[in-house]
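Peer 1: Here it is, the structure, as structure tokens.
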Amino acid sequence: DRPPVTVLGLGAMGTALARALLGAGHPVTAWNRTAAKAEPLVELGAARAATPGEAIAAGRLVFACLLDYASVHDVLDDHADALRGRVLVNLTNGTPVQARTFSEWAACHGADYLGGGIMAVPPQIGTPDAFVLYSGSRSAFETSRGALDTFGESHYLGGAPGLAALQDIALLSGMYGMFTGIIHALALVRSEGTPLTEFVPRLDRWLSSMSGWAHAAAHQIDAGDYASDVPSNLGMQAAGFVNLTRAAQEQGVSPELLEPLGALLRRRAADGHGHEDITGIIELLQKGTPA
Ligand code: NDP
């Protein structure tokens, strides 16, 4: 009961997906623009297709994992008719609007469509560290579930096709926020010549002890109540934040990664919300309705 599958796109991620599918016993037909990238998979038992159309014809379940949505169209536009009656799972990173527009395109061509966002790097595929977000057709998710679970934990978010892309981008935004803080912290410590490997265990410990903050913030924001149960008020944080940018300047480190948050804190405090929690700055970010 391992149905034949097709993988379009054999970059680092597409190759990892194809390997996981082969490892689970699915017959895999693979296609890539640069044909040589299929070699290692052929050695593992995959069939190589000469065109995207030939690859699609070989599997009832078709995965696309390409650079971006422009490349998805480059690959699929001339082979759209082959998709009719097949399940198409697109694991290419994009925006919610791109995901919604592409889901309409796929439906027009008779594909049962599922959009996905991979929350893993290629070496994590097929390990417990990987999880993948999906949204779109529930029937596509259910019929392909066995194959999807070979990549990692499968999270189905609902029928709206843009949901997986939105939450993927939200998770990446959180990650880049963390990268931003880490890089800045390392620049500060390096400015005194301290080996960073000495400092990093402390940074790890501190970030771990703060990691529950997302839960607390979500509760406050869902309740729309920024004023009760405030252990560290925004006015105090806005005042303290000035020291972060000043210390950076004193150490010869650019404060440019930090400054936008400092500006938001000061604006919120000036608007009279200094007694509330820092979570209230979300009100300054949310402008208008989604496109
Ligand atoms: P790679 O750069 O390794 O591979 C890109 C793939 O897209 C290659 O197969 C490439 O073909 C193909 N491609 C690019 N442009 C075109 C085009 N115009 N026509 C046909 N094929 C094209 O990227 P990854 O495999 O790492 O990433 C693939 C997707 O997975 C991306 O959307 C990425 O955001 C997402 N992803 C990647 C993660 C990672 O850590 N790697 C993590 C989570 C998601 P060719 O070999 O011929 O150049």
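Peer 1: For G158, are the conditions met, namely being under 24 Å from T51 (Cβ atoms), out of contact with any Phe, Trp or Tyr (no Cβ under 8 Å at 6 or more places or on another chain) and either surrounded by fewer than 23 Cβ atoms within 10 Å (Cβ to Cβ) or not assigned by TED's automatic domain parsing to the domain that holds I56 (or both)?
Peer 2: On the way: under 24 Å from T51 (Cβ atoms): no; out of contact with any Phe, Trp or Tyr (no Cβ under 8 Å at 6 or more places or on another chain): yes; either surrounded by fewer than 23 Cβ atoms within 10 Å (Cβ to Cβ) or not assigned by TED's automatic domain parsing to the domain that holds I56 (or both): yes.
Answer is no for this residue.
Peer 1: Looking at (1) surrounded by fewer than 16 Cβ atoms within 10 Å (Cβ to Cβ); (2) away from the ligand (no atom under 15 Å from the Cβ), which is the only condition A35 fails?
Peer 2: With (1) surrounded by fewer than 16 Cβ atoms within 10 Å (Cβ to Cβ); (2) away from the ligand (no atom under 15 Å from the Cβ) applied to A35, the lone miss is (2).
Peer 1: Right, here's the next one. May I ask you to list the residues in the range 248-262 that are surrounded by 14 or more Cβ atoms within 10 Å (Cβ to Cβ) and in a helix (DSSP H, G or I)?
Peer 2: A248, E259, L261, G262
Peer 1: Just to verify a result, which residue in the range 38-50, among those that are away from the ligand (no atom under 12 Å from the Cβ) and closer than 11 Å to L8 by Cα, is surrounded by the fewest Cβ atoms within 10 Å (Cβ to Cβ)?
Peer 2: R48
Conditions tested, residue by residue: (1) in contact with a Leu (Cβ under 9 Å, 6 or more places away or on another chain); (2) aliphatic (A, V, I, L, M); (3) at negative phi; (4) in the same structural domain as T101 (by TED's automatic domain parsing).
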| site | (1), (2), (3), (4) |
| --- | --- |
| H184 | yes, no, yes, no |
| D204 | no, no, yes, no |
| L207 | no, yes, yes, no |
| S211 | no, no, yes, no |
| A216 | no, yes, yes, no |
| L234 | yes, yes, yes, no |
| R246 | no, no, yes, no |
| L258 | yes, yes, yes, no |
| A270 | no, yes, yes, no |
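Peer 1: For the subset of the range 228-246 comprising residues that are among the polar types (S, T, N, Q) and surrounded by 14 or more Cβ atoms within 10 Å (Cβ to Cβ), which member is farthest from A269 (Cα to Cα)?
Peer 2: Going through the range 228-246, the residues among the polar types (S, T, N, Q) turn out to be 228, 232-233, 237, 243, 245.
Then drop every residue that is not surrounded by 14 or more Cβ atoms within 10 Å (Cβ to Cβ), which leaves 233, 237, 245.
Details: N233: 10, Q237: 10, T245: 17 Å.
If we take residues in the range 228-246 being among the polar types (S, T, N, Q) and surrounded by 14 or more Cβ atoms within 10 Å (Cβ to Cβ), then T245 is farthest from A269 (Cα to Cα).
Peer 1: For the range 88-144, which residues satisfy the criterion of being assigned to a strand (DSSP E or B), surrounded by fewer than 24 Cβ atoms within 10 Å (Cβ to Cβ) and among the β-branched types (V, I, T)?
Peer 2: Listed by number, the residues that qualify are I118, V132.
Peer 1: Failed condition for I56, given (1) within 13 Å of the ligand (Cβ to nearest atom); (2) buried (at least 23 other Cβ atoms within 10 Å of the Cβ), with all others met?
Peer 2: Just one mismatch for I56, condition (1).
Peer 1: Restricting to the range 145-155, give me the number of residues that are over 18 Å from the mean Cα position of the chain (by Cα) and surrounded by 20 or more Cβ atoms within 10 Å (Cβ to Cβ). Lay out the reasoning, then the answer.
Peer 2: Restricting attention to the range 145-155, the residues satisfying the condition of being over 18 Å from the mean Cα position of the chain (by Cα) are 145-147, 150.
Applying the additional criterion that residues be surrounded by 20 or more Cβ atoms within 10 Å (Cβ to Cβ) yields 147, 150.
Number of matching residues: 2.
A quick yes/no check of all residues on (1) touching a strand residue (DSSP E or B) at 6+ places or on another chain (Cβ under 8 Å); (2) in contact (Cβ under 8 Å) with a residue 60 or more places away in the chain:
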| position | (1), (2) |
| --- | --- |
| A165 | yes, yes |
| L171 | yes, no |
| I183 | no, yes |
| L186 | no, no |
| E192 | no, no |
| P195 | no, no |
| L203 | no, no |
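Peer 1: Scan the range 1-32 residue by residue and report those that are within 14 Å of the ligand (Cβ to nearest atom) and either part of a helix (DSSP H, G or I) or touching an Asp or Glu at 6+ places or on another chain (Cβ under 7 Å) (or both).
Peer 2: A12, M13, G14, T15, A16, L17, A18, R19, A20
Peer 1: Return the pairs, sorted by first residue and then second, in which the second residue is within 11 Å of the ligand (Cβ to nearest atom) and assigned to a strand (DSSP E or B), the first residue lies in the range 119-138 and is under 20 Å from L61 (Cα atoms), the beta carbons are less than 6 Å apart, and the residues are 6+ apart or on different chains.
Peer 2: Going by the 6 Å Cβ cut-off, the qualifying pairs are F131/M119; V132/G116; V132/I118; L133/G117; Y134/G116.
Peer 1: Something else about it: Find the residue count for the range 89-103, including only residues that are under 22 Å from T6 (Cβ atoms) and either within 12 Å of the ligand (Cβ to nearest atom) or touching a Pro at 6+ places or on another chain (Cβ under 9 Å) (or both). Steps first, answer last, please.
Peer 2: Looking only at the range 89-103, we keep the residues that are under 22 Å from T6 (Cβ atoms), and these are 89-94, 98-99, 102-103.
Subsequent filtering for residues that are either within 12 Å of the ligand (Cβ to nearest atom) or touching a Pro at 6+ places or on another chain (Cβ under 9 Å) (or both) retains 90-94, 98-99, 102-103.
Adding up the residues that qualify gives 9.
Peer 1: Within the range 155-214, can you find the residues that are assigned to a loop (DSSP other than H, G, I, E, B) and under 21 Å from G94 (Cβ atoms)? Please lay out each step first, then the result.
Peer 2: Just the residues of the range 155-214 that are assigned to a loop (DSSP other than H, G, I, E, B), to begin with: 157-162, 191-195, 211-212.
Within the range 155-214, L157, G158, G159, A160, P161, G162 meet the criteria.
The values are calculated or read from the model by the stated rules, or taken from the named source; none is laboratory data. All of these numbers come straight from a predicted model, not from anything done at the bench. For neighbour counting, all protein chains shown are included, and Cβ atoms are generated from backbone atoms with ideal geometry for every residue, glycine included.
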